[in-house]
1. Looking at the range A:274-288 only, could you name the residues that are in contact (Cβ under 8 Å) with a residue 24 or more places away in the chain and out of contact with any strand residue (DSSP E or B) (no Cβ under 7 Å at 6 or more places or on another chain)?
2. Have a look at A:A332, A:A324, A:A343 and point out the one that is within 14 Å of another protein chain (Cβ to nearest Cβ), hydrophobic (A, V, I, L, M, F, W, C) and either in contact with a strand residue (DSSP E or B) (Cβ under 8 Å, 6 or more places away or on another chain) or part of a helix (DSSP H, G or I) (or both).
3. Determine which member of the set A:A401, A:A410, A:A439 is at pLDDT 90 or above and either among the charged types (D, E, K, R) or over 30 Å from B:T216 (Cα atoms) (or both).
4. Can you list the helices (runs of 4 or more DSSP H) lying wholly within the range B:282-347 that have 3 or more residues being surrounded by fewer than 22 Cβ atoms within 10 Å (Cβ to Cβ) and within 14 Å of another protein chain (Cβ to nearest Cβ)?
5. Residues that are touching a helix residue (DSSP H, G or I) at 6+ places or on another chain (Cβ under 8 Å) and within 14 Å of chain B (Cβ to nearest Cβ): list the helices (runs of 4 or more DSSP H) wholly contained in the range A:416-497 that include at least 3 such residues.
6. Which condition from (1) at pLDDT 90 or above; (2) not in a helix (DSSP H, G or I) is the one that A:S113 breaks?
7. Looking at (1) within 14 Å of chain A (Cβ to nearest Cβ); (2) crowded, with 17+ Cβ neighbours inside 10 Å; (3) in contact with a Gly (Cβ under 6 Å, 6 or more places away or on another chain), find the lone condition where B:R250 falls short.
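The values are calculated or read from the model by the stated rules, or taken from the named source; none is laboratory data. A quick note: this is a predicted structure, and the numbers were derived from the prediction, not measured. Here Cβ is always computed from backbone atoms with ideal geometry, including for glycine, and neighbour counts include all displayed protein chains.
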Amino acid sequence: MIIAPEAVEPPRRPAPVTAPAAPGRPPGLLVVAAGVAAAAAAIPLVYLVVRATGGGFEAMLDVLARPRVLEYAANSLGLAAAVTLSALVLGTGTAVVLSRLRVPFPRAWLLVSSLPLAVPSYLAGYGWLVTLPAINGFVPSWILLTAVTVPYVTLPVAAALRGASGDLEGVARTLGRGPVRAFLVATWPQVRPAAIAGSLLVALYSLSDFGLVAMMRFPTLTWGINQAYAASFDRAQAAVLALLLVVLALLVVVGERSARGQLPRQAARAVAPRTIRRGMLVALLPVVAAAPAVGVAVPLLGLLARLLEAQTLRELDVARLLGAVGATVGVAVGAALLAVLLALPVAALASRYRGRLVSALESVSYLGHALPGIVVGLSLVFFALAVVPVLYQSVVVLVFAYAVLFAPKAISTMRAGLGDVPPRLVAVARTLGDSPLRAWWRVTVPLALPSVGIGALLVAIATMKELPATLLLRPTGVSTLATELWNRTVIVEYGAAAPYAAMLVLLAAVPAVILSGVRTVAKEEL
Amino acid sequence: MRSSRSFSLLALAASAALLAGCAANPGTEPAEPGGEPTADGAFTLYSGRDEELIQPLIDLFEEQSGIEVDVRYGNTAELGALLLEEGEATPARVFLSQDAGALGALSQAGLFATLPDDIADAVPAGFTSTDDSWVGVTGRARVVVYDGDELTADDLPDTVVEYVEPEWAGRLGLPPGNASFQSFVTALRVIEGEQAAEEWVEALAGNDLQIFENNTATLTAVNEGTLDVGLINHYYWFRQAAEVGAENMRAQLKFLAAGDAGSIVNVTGAGILSAAAQDADALEFVRFLVSEEAQAYFVEQTFEYPLLPGVDAPEGLPALDSLVNPALDLSDLDDLSTTQQLLAEYGLI
């Protein structure tokens, strides 16, 4: 089952792991479209290189030689590794419990386990600090980031499990394997692509997060980048640190590529969930409830407590709140559409083809997701003023920035979805006289549509919560729920902030809830 | 190797397009040197200060002057970086900053126009720029904040150098990346000398210092009882007291001895972007900020020190004069980079 990274493959020959009917060379049009998407994702990189080298090579070395920088990088990497591992284990565990065991109200549980997606990390951190003001450092950062990112693993794995065959696991059990071994041997290979793809999103999220580590006083590279802007107004220094973050992200992306593997999916039939003893069920409850409790319930209770003691309760400006809701929904929908559009060619390419070009395009497309919003925001200020000054500080550039930041969420889910479409069906369409593009449009797209929907929803949720890039790029006078919330918490007006926080979580919960119900490829029907 | 060649071509094409775009940087029309002031009844303001506190003042200005102000709110650091990135192409005409550091950085980058004398001279020297590129608007004193349940003001030393003694190991917290803290360290270098300042920073770093992201987080930690002592700006305390009631504040303030580096006054300020040198609307707004009316607003609403002579400080605060160290000029505090090197050397930033 271990798949060698394609780097060791001789070029031009398609890797043996590729689905059987995959053609050898990707169609030119697809490569061009993916190239455009990768170029968009590369804008922050170009910007960072320009800024980092602006101060001269020596200045770059000076920054890297600071004792603190090594600590930042080690903290970033350690946090990302720890969060990814715990989210992978907890997310897979939750998905297995909810899909394979007979739990009361399984749909409701899946819905609840998707809710942490709706809570911005800074809000989770803030809510916890209300209750436990002394927490700080690595451990709380690790636990809280895990809690808010677990759904990136839980939801795709649960979806994959619904389509995976459980028969093999039963066979393994009858052959004398224990439940864990049987799972690892029979079921894990089938959900691995989904679990690994989700873990990649978790890792990139952890690398790029600033809101939570700032609250928890855990100095990572994003903390260093923000300090470089805030205290020194030193864009060169910030850019060097951000490039270091890009290098870490590249390690993660390459690591994911070699861990991913790819299996032609067997036709499977759904397995009835197994009944287990009540005592066992109670013992498993903490696994399932952990993330929603830590990432949603405690923070929201903390915010509620602050609201009750606040003295800034004032008449709520309903028109203003609704205006922010409208703007938030508007940019989220726009960002979701654009991100899916950019992600589609990259995902299509990565799901079927191997080779250096494909690897390079896909890897570059992921990098924007590892950068903090302030870096991506400034890079688009730079780009928009240089290329399309007319559109500067317009909603177009703002939506484009969201797409650069969050398209990787769509790429990762859509790649898995497109990869699940049986190549045989496409081949049939081709023998019936369809052109490759037409066959792809008629067969692949409809079958992979649910994964496109999942990608779009993930982008929409992330867009609603985004703050730093929004502050930099929004049209003057336009406010989203996140900027309005920032506006009020920055001057400690918890009472005035509460309606915006509540509305933001409620609004982001809508796509999260839909997500928990979306089925991936209609493989049960195959 | 066809695929890698086509990738290189693609990458090349993409970067060429980008670079071509950058080379053709449009910019806006250059400011007319000299010439008569122009006014079109509207301008764009970048405000690094909070909307809740500043917008009422802007509403007042709009009402009185009939000039429309388009405000873009953000935090000072981000807006500073944004203005540097935008350069000449910025739509902003005025920048209102939370700290002098950002104003200094923008002034150094040549982004500000020189202010007319009536504005530049409204605020006494020591609280404004030395080259008239920006004007100070309000002052914030550096203070010690302490846990009032555990300590009394008499338990605390009167000079900042004593706060790095072993007695305070693990009990002192501050935000090393904060601009006000860094200008305090610069003041320490000027007042006590480079060697004493370095010894202080070394002792601070070796004393199990509690590091925070910003002033608010430091204050919150003291107010929650998780930190004994913190170094912050005075007005954060008043802001939080306004939210929860002064009688409910566990954290208390102590002003250090007059003339001590630990009690210097930092200023907020405003500058006019170079493209707006002749923009009468922008000038009128900055003039308004240093008027008696606006200064009184800051005293009452944000508990800051007014910088205009003749306007009284907020009640309960020591007089501004008592905090001023005559040996210290604000221009002495421009040397931020040496301070940052010092802090970086001891792993604080």
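1. Here is the first cut: in the range A:274-288, the residues in contact (Cβ under 8 Å) with a residue 24 or more places away in the chain are A:274-276, A:281, A:284, A:287-288.
The answer is A:T275, A:L281, A:L284, A:V287, A:V288.
2. The conditions single out A:A324.
3. A:A410
4. Filter on the range B:282-347 gives B:336-345.
5. A:468-473, A:481-489
6. Unmet condition: (2).
7. (2)
Residues checked against (1) under 30 Å from B:W200 (Cβ atoms); (2) under 16 Å from the mean Cα position of the chain (by Cα); (3) without any contact (Cβ under 8 Å) to a residue 60 or more places away in the chain:
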{"position": "B:W237", "(1), (2), (3)": "yes, no, no"}
{"position": "B:G245", "(1), (2), (3)": "no, no, yes"}
{"position": "B:A251", "(1), (2), (3)": "yes, no, no"}
{"position": "B:F255", "(1), (2), (3)": "yes, no, no"}
{"position": "B:I264", "(1), (2), (3)": "yes, yes, no"}
{"position": "B:G271", "(1), (2), (3)": "no, yes, no"}
{"position": "B:S274", "(1), (2), (3)": "no, no, no"}
{"position": "B:A282", "(1), (2), (3)": "no, no, no"}
